[in-house]
Every structure is written in C-alpha cells, then in structure tokens.
Ligand code: ADP
C-alpha cells in the first residue's frame, strides 16, 4: 500500500477526557494521546465544560499523535464525541458565549416537567424518538438563549430571525468542525442531531414546531449531514496540511459502527462510566413502547446503484437503533475505589468478585443519580439491600458488578419486547466493549445473568475505531462495510453457564430491590 495518506486520525471527545488516536490503513491503533477534561459544577445538578479548553485539548492531542509524521500522510479525520452536550458561540469571533452545558446537567428538569404536564411528551417522542428529559439538548439550548446576556443585542435587526444573527449553536462535534475548518463549516451529523430533541427522525430535518416550542431560531442551527459525509477540511495552519473531515458520529453510534453492527438485530453494549446498549433496528424509524429511545445510526452504504449520474456510487441508507442507557456502570467500581476505598484499582474488582462468598438476597442498586432506562426515575437513590453479618468487601464488590449485569438485563427485556413488536428476531449475542469488559469475571457473569452469549472483540476502543472507519470509508481506505465486518476479530466468547431457573430467580430478587428504592 502506498505509504502516503495511509493513516486515519480519530478525535474522541468524551465527558472526562479528549483523545486523539492514530490508526493505520488496517485500522490498527498506532498512537494515542489524551488530556483530562475539567468538570465544572456551578450549582447542584449542573455540569459544564469549558468549550475553549475542549478545542485546545483536541488540537494538542491531534498534534501529539501526528508528531514526526507529515500531516499529508493522514487520509482523513473522523470525529466522535460526547452527545447532547450543547454550546453557543459567536460566529464572528468564534468565541463561546457560555460554558457548554453537559449531558448530565439537570437544569432543564422543571421545564421538562412543565411540558410533560401539558401533555407534550407523546408528540415529542413520536417526532424525535426521545423522552422529555433534560438529558437532551433542547432545554439546554433554550436555557442558553434565555439566560446568556446580550445575545439579542448582537445585531440590530428588528425581525426575530435577525435577533440571533451572529449566534451559532452546536453539539461538541460541530464545535470541533467549526474550529478545525476555522469557521468555514457549521455542520453536525445525523447521529448528533438525533439527540437534540429538535430533529425529526422521520423527515430527517430540523422540526419547525419543535424549534418554535423551544424558541430556537433556525439560523443558529448547524447543517445536518450524513455521518459518512464531507465536513470540510482542516485549516492547513493547524495540523500542517489540509486534512478532509470525512466521518462524524456521536460516541455510542460510533461504537456501534466500530463493532460492525450493520444488520438489523445486531446489538452492542458499552461499559464505561455508564452503559449504553444499542440495537440496530434497520431502515424504518422504530418506536419503543418500553421507555427506550429511538435514535439515528451512522447508516449503511446500501447497494451500489448504477445510473448515468451516480455511476456505481453507493446510496446511503438511513438506519436506526433502539437505545437504552444505564447511568452508573463502571462508575460504581470507581465509587468503591474512591469513596469506600475497598479497591486500590478498578481491575482488582475481578479477583475480589471471584473470591466472594455466595450471598443470596444481597443486592446493590447503584441509583446514585436516579434510574435511567427503562425506569426513568430521577428521584430514586442507591441502596445496598440484604446485608447480613457475614457480608464483607468482596461480597459488596460482587453485588456491584452483578448490578451492572441486572441493569443490562432490564434493558434487554425492554428491547426484546420492542424488537418483537417490530418483527425482529430474538437477540442471541451481545457484543461488548468499554473499560469494564477487561474484567473476565464480569463478562462471564453478564452471560450468566442475561442468558446471552457475550462476545468481546480484540479492539475494545470501538468508539474511536468507529470514527476512524467512517473517515476511512470516505477516504477510500476501506471499500465497504464488508471490509469492516471482516476486520472484526473475536478476543473471547463467554457462554451462559447458569441454569435459567437460577437466573430468573436472581433477577426477580433484583426487581424487588429496585422497587424498594423508588
Ligand atoms: P469512559 O470512556 O466512560 O471514561 P472507559 O471505557 O475508559 O470509560 O472505562 C472506565 C470505567 O471502567 C471506569 O469506571 C472503571 O471503574 C471501569 N473499569 C476499568 N477497568 C475495570 C475492570 N477491570 N473491572 C471493572 N471495572 C473496570
């Protein structure tokens, strides 16, 4: 292969850190660099990030992994990012007008409650696939437009559409694209747009009535493009060459792409701080009747069509997923380490869980910040139930890991019902990734408690990998999804070894424990 332009640069902007990973033409990670991100807590339940710090870190990470290379060696940039986190900036100066409001931020809760009371949730869900929750961007943007001083004064125009003439809104992907292209491109991709609660999944466009409801002028919104699209080129002054940005996807959709979940029924589950399960539901917009979300996937290339105008160019097909999320997964291990001091390091949880005594009736419900899907109870709080005198640290650690498995089963039960209603066949295997899956005991327990085969790939950095694949497809380093599927390599398969009766009995105990914290 030609030495030139054979690398892909993935920028992975996460909640707690910003990273750049350089992949070679075989999609193997060859270098990476990360910088932690400062968390800003201005009030109870509020979480912000400094947008300038994010951009500076992304640039520094990119420069670090490109050191010694000629930037011309890089075929394309792919971006993946924490979703829903929202910011506004001044189009003229490029300066952020406020800190970014992070997905975890709850300041929109009263507004969501008021809209729910007006009976608006069903309509919003039908359009966006989302539930009325402050998690999504709409109420964050509404808050910014109402509370950032002097916004309207930025232009003297009298008409409403002129009022915010110089204001740009974006999620983190848009912010990075804007900065990489030095203000030439104001765009986002379909997966990020689908988390704003302003974008209609069916029409695949910003929804005029939702913009009106949240007081958002159309002119401040980014252009929405397919994930595998043209997002401009990086300014040559930044990285030493103009590199095309050819792939953009929100973190979970990028992970789904990196796990080669291209067919309806393919499912991946990512275990980082939280846990996100996405099942590909194909080309029709799905509807969850079990309090899960419908969301856009990065899409498939579909068949190559031959026509005069589009000679053998692939037609992109929209694809969707049903998504369920658990707020606390690896975070419970962090808590055991940092707050209780039971563990020196997160990986120690494996040996501890292995030596734990059987403790029937012991359940740890880590509802530190309420319960996510399918419960959606922001008021729930955590508890450890069924304590007896002989319970020690090891048993508590095991119960914490069990809780992540039971919560996965909660999501899978809801998904199973939604999938049956959509005519999809039953799930058989779960492709897992994220920091927690290095833990073999956890992976085996997950198989036992869900009754599904658990497949762990060799590369578990699937988020960055997905962004690199999207960019690499655009740049022609990979020809099609078949190339990606062929590269997906199994590290280890975990088969369920527990009897169904035992599994169901344990799960019933979990359901009782969850009832007690609500
Ligand atoms: P994020 O991308 O959300 O920061 P990562 O995918 O890097 O998360 O995973 C880190 C999380 O995984 C941490 O919460 C940590 O507690 C947990 N973790 C890491 N290694 C292990 C392990 N061997 N066993 C259990 N949990 C682990």
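Read the figures in this text as sums done on the coordinates, not as results from a lab. These numbers were taken from a predicted model, which means no experiment stands behind them. So basically every Cβ, Gly included, is an ideal-geometry build from the backbone, and we count neighbours across all protein chains shown.
Per-structure values
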| quantity | calculated |
| --- | --- |
| Ranked list, fewest to most other Cβ atoms within 10 Å of each Cβ, for 285, 248, 454 | 285, 454, 248 |
| Distance between modelled label sites at residue 118 and residue 28, nm, 7 Å Cα→Cβ extension | 5.7 nm |
| Neighbour-count ranking [beta-carbon atoms within 10 angstrom, fewest first] of 54, 79 | 54, 79 |
| Potential extension, residue 263-residue 64 segment - 0.36 nm per residue separation minus Cα distance | 68.0 nm |
| Value of Rg to Rh for segment 390-503 (Rh from inverse mean 1/r over Cα pairs, i.e. Kirkwood) | 1.05 |
| Diffusion coefficient, µm² s⁻¹, Stokes-Einstein with Kirkwood Rh over alpha-carbon pairs of the chain at 20 °C and 1.002 mPa s | 91 µm²/s |
| Inter-probe distance in nm under a simple model that places probes 7 Å from Cα toward Cβ, at residue 345 and residue 147 | 4.1 nm |
| Cα point-scatterer Debye curve for segment 64-148, base-10 log of I(q)/I(0) at q = 0.18, 0.24, 0.25 Å⁻¹ | -0.86, -1.15, -1.19 |
| Global size of segment 1-98 as Cα Rg and Dmax, reported in angstrom | 15.7, 54 |
| 484, 243 arranged by Cβ crowding within 10 Å, fewest neighbours leading | 484, 243 |
| Segment residue 387-residue 512, extension gain: residue separation times 0.36 nm, minus the distance between their alpha carbons | 43.5 nm |
| Cα Rg, Dmax, segment 174-293, angstrom units | 16.3, 50 |
| D_trans [Stokes-Einstein, Kirkwood Rh over alpha-carbon pairs] for segment 7-258, 4 °C, 1.567 mPa s, µm² s⁻¹ | 70 µm²/s |
